[in-house]
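Here is the structure we will look at.
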Amino acid sequence: MSDQERELDHASGVETTGHEWDGIKELDNPLPRWWLWVFYATIVVAAVYWVLMPAWPGISGYTKGVLGQSDRADVSRELAALNAQRGVGAKKLTAASLEQIEQDPELQAYALQVGQSVFGDNCATCHGAGGAGAKGYPNLRDDVWLWGGGLADIHRTISVGVRSGHDQALGESMMPAFGRDQMLDHAKVEDVTEYVVALSRRPANAAAVQRAAQTFQDQCAACHGPTGKGDLAKGAPDLTDGEWLYGSSRQAIRDQIWNGRNGVMPTWEGRFSPETLKALAVYVHANAGGGESATD
Amino acid sequence: MTVVIDRVNRPEPVQRQGPASAAAKVRAKDARSGLYKPRTPIYPKLVHGRWRAIKWALLILTLTIYYVTPWIRWDRPGKLPDQAVLVDFAGRRFYFFDIQLWPQEVHYLTGLLVIAALGLFLATALFGRLWCGYACPQTVWTDLFIYVERLFEGDRNARMRLDAAPWSFDKLWRKVGKHAVWLGIGFGTGGAWIFYFHDAPQLIRDFWVGQGPMTAYVFCALLTFTTYVFAGFMREQVCIYMCPWPRIQGAMLDQHSLQVTYRYDRGEPRGAHKKAESWVGRGDCIDCRQCVVACPMGIDIRNGPQLECINCGLCIDACDEIMVKVGRSKALIAYDTDAAVADRQAGRKPVYRLVRARTVFYAVLLAAVSGLMLWGLTHRQPLDLHVLRDRNPTFVRLKDGSVRDGYTLKIANRSFEPQTYQVTFTGVPGATLKSPGVDADRPLAVEVPANEVRSVRVFVTAKPGQLSSANMPAAFQIRSGEAQATAKTLFLSGAAN
């Protein structure tokens, strides 16, 4: 670039700036008037804005502006309105019993809406978005329940959790790790595995079943019952229903007897309001068919 | 050709007077109407006659319909709105007397628009631009605004004098008065519009105390503005430059369409005529230009059919007045066809052909679409059923080996009464139907309040022996009295059998 004299460009009739780059010169066209006026107008608008709205930061605060605009106040006002709106539905849920909620079409629809969103945010992580569960996490859609499938049972399980540290948490009794803790030797664990396979009406080694009969009565029947039907009060699974939390194969059953895994479910009492707990219980119950079949 | 740019011997800079850049040139030209033609003010003269009378009558009729409709009450049961015509955006319903449309039924609106378009095609092919001349809101409101203008400023000549005169108190109050009334009409127009979308008696109270919905204020302001500007200032410019219809006309009209026509076969050669002169050897047009000064579009109809002509017929009235005065027969300008004028010019008897391939085609289409709409409206079911099958999990196995599928039924009750629908499931023999909170022993019945949608969770359980395939076609049916609806779905059971 070289600075030269300003000259008049004969093609356009406009003066150049005197700047030149490789023979290309810059015309000294003034800014368009409209652009200039908009620019001045923005300056005026800014000055007005400083007066009306919060604008300048100070040492211990900021200029508030004469309109008193505050986004924080707006948000809290909207939140208050939202809570007031939610309060209407919440009050209805608080007043009604779980059965009443499920039987009233309108309350049920409301509870299902609340339940669905709460379930998706909190329960779906383990039980799956549809509640179908996964290995180690119970399926909430069928009629097999560890702690009972009635409305009250489900409500209790969600409230206090299983081995959750809550005062009244479920799951005081534990499945022992028979193998790992050397309560039974390898051969006996193998035999009991065959026995459990036989309980679920599948072909098993008859001799092993024979040998394990006494062991089962001594070690397992206390919780799972003499016929292996389980015990809802202890959360002991029914071993005859063909539904397996940790898998149905011999290997999976042997692993469970050897290691004795005990599931944990958190308590939600502190996290959810009482009406949310109710809505969630109704949601889970309804999605498990909502019938009497869900009660055992 | 080679262009040599001499970079060494630069030409001497030419000194010019004033701006000379390309932009400046255009700008200078623009100021003298270079790029855009400035609007030439039109001062239509008041005429009297048959077409003017029809236009007044239609103006009163159409404006009455527009302003009165939202105030018609129509009893509907329960909490439903009692306004005869209401577009309820918040509640997502359109009420039109006994008809009530849901958003899913928007095809009726499409049908209505198709009918309107075909009706317009047919009317245009038969009788020319009747819509433009008599019924278009732009024409009607412009007519009303010119009427107001005339009240304050007088007829054509007085208005032209007033505009040319320097400012005075007389000019000021007339102008201010006119614009005030225009704005008032504009406000009334926008104000009436918003009543179609809310309960009118409620809104009119809320509106004045600042409690109306924001959309009401916005649309009222918008329509006040457009009415004031379109009818007060832009007028014929809207028709000529903004409206697509004049362009579409070309495809609708043919030589047999009725249009406002200057019968040149009779009028030419034109020229001034003195009282005693003979009419032999000359046309009836005395070149008095009354047709031109009466025209709200500012055109000369004697130039033949034009894009600008809205076929309002005011020039017919203007010309008829003159023809009576000079003692010639009326209808030198009349609703006529190009073909008829050409026939007369050639000495043949004019033939008017209303039935042509084009008009028959439009009429048949119009009848077909109207018939379809009518059939649809009379045969619509007051209920609707949608089934959403659970996809996660698609099914669950129960303890006893049976399989359960979950569904969400969405039942829409489009009637004005609460209904109880009996729900049945078909497709899987012996399958049982159950809904949470409902006694399993009784048949499933769902109550749906008037004019609402209710979704219901239902579960279908089937024994393994009943399942003939892993994927069985099935259907839900709901029934309430005569009304019934069926929705197809599937019963999935994996490899259950």
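Each value in this text was obtained by applying a stated rule to the coordinates, not by laboratory testing. Since the model is a prediction, treat every value here as computed from it, not as a measurement. Cβ placement follows ideal geometry from the backbone for every residue including glycine, while neighbour counts extend to all protein chains displayed.
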Label-zone membership for segment A:168-202, site B:Lys399, 7 angstrom Cα→C-beta point, backbone N under 20 Å: A:171, A:196-202
Give the relative contact order (percent, whole number) for segment A:217-296; include only Cα pairs under 8 Å separated by 6+ residues. 13 percent
Could I have the simple spin-label model distance between A:Ala152 and A:Glu15, label points 7 Å from Cα toward Cβ, reported in nm to one decimal? 9.7 nm
Considering only DSSP states other than H, G, I, E and B, which GluC sites (Glu not before Pro) in segment A:1-105 qualify as loop sites with at most 10 other Cβ atoms within 10 Å? A:Glu5
If one takes the longest principal axis of the Cα atoms in chain A, at what angle in degrees, from 0 to 90 and to the nearest 10, does the Cα axis of helix A:206-215 lie? 90 degrees
Calculated FRET efficiency, A:Gln113 and A:Leu67, Cβ-Cβ r, R0 41 Å, to nearest 0.05? 0.60
Suppose R0 equals 51 Å; then what is the FRET efficiency for A:Ala177 and A:Glu106 from their Cβ-Cβ distance, rounded to the nearest 0.05? 0.55
Provide B:Leu222, A:Leu151 in ascending order of the number of other Cβ atoms located within 10 Å of each residue's Cβ, fewest first. B:Leu222, A:Leu151
Helix-only mean residue ellipticity at 222 nm for chain B, each DSSP H run of n ≥ 4 adding -39500 (n - 2.57), per residue, nearest 500: -12000 deg cm²/dmol
Nearest 500 deg cm²/dmol is fine: what mean residue ellipticity at 222 nm does chain A get from its DSSP H runs of n ≥ 4 alone, each adding -39,500 (n - 2.57), divided by its residue count? -13500 deg cm²/dmol
For the Cα atoms of chain B, what angle does the longest principal axis make with the long axis of helix B:22-31, in degrees from 0 to 90, nearest 10? 70 degrees
Shape call for chain A from the C-alpha gyration tensor, a ≥ b ≥ c root eigenvalues: rounded (a/c under 1.5), prolate (a/b greater than b/c) or oblate? prolate
Principal-axis tilt of helix A:71-95 within chain A, Cα atoms, nearest 10 degrees: 30 degrees
Please sort by residue number the trypsin sites (Lys or Arg not before Pro) in segment A:26-99 whose DSSP state is loop and whose Cβ has at most 15 other Cβ atoms within 10 Å. A:Lys64
I need A:Phe39, B:Phe230 ordered by Cβ neighbour count within 10 Å, fewest first. A:Phe39, B:Phe230
Order these by the 10 Å Cβ neighbour count, fewest first: A:Tyr283, B:Tyr95. B:Tyr95, A:Tyr283
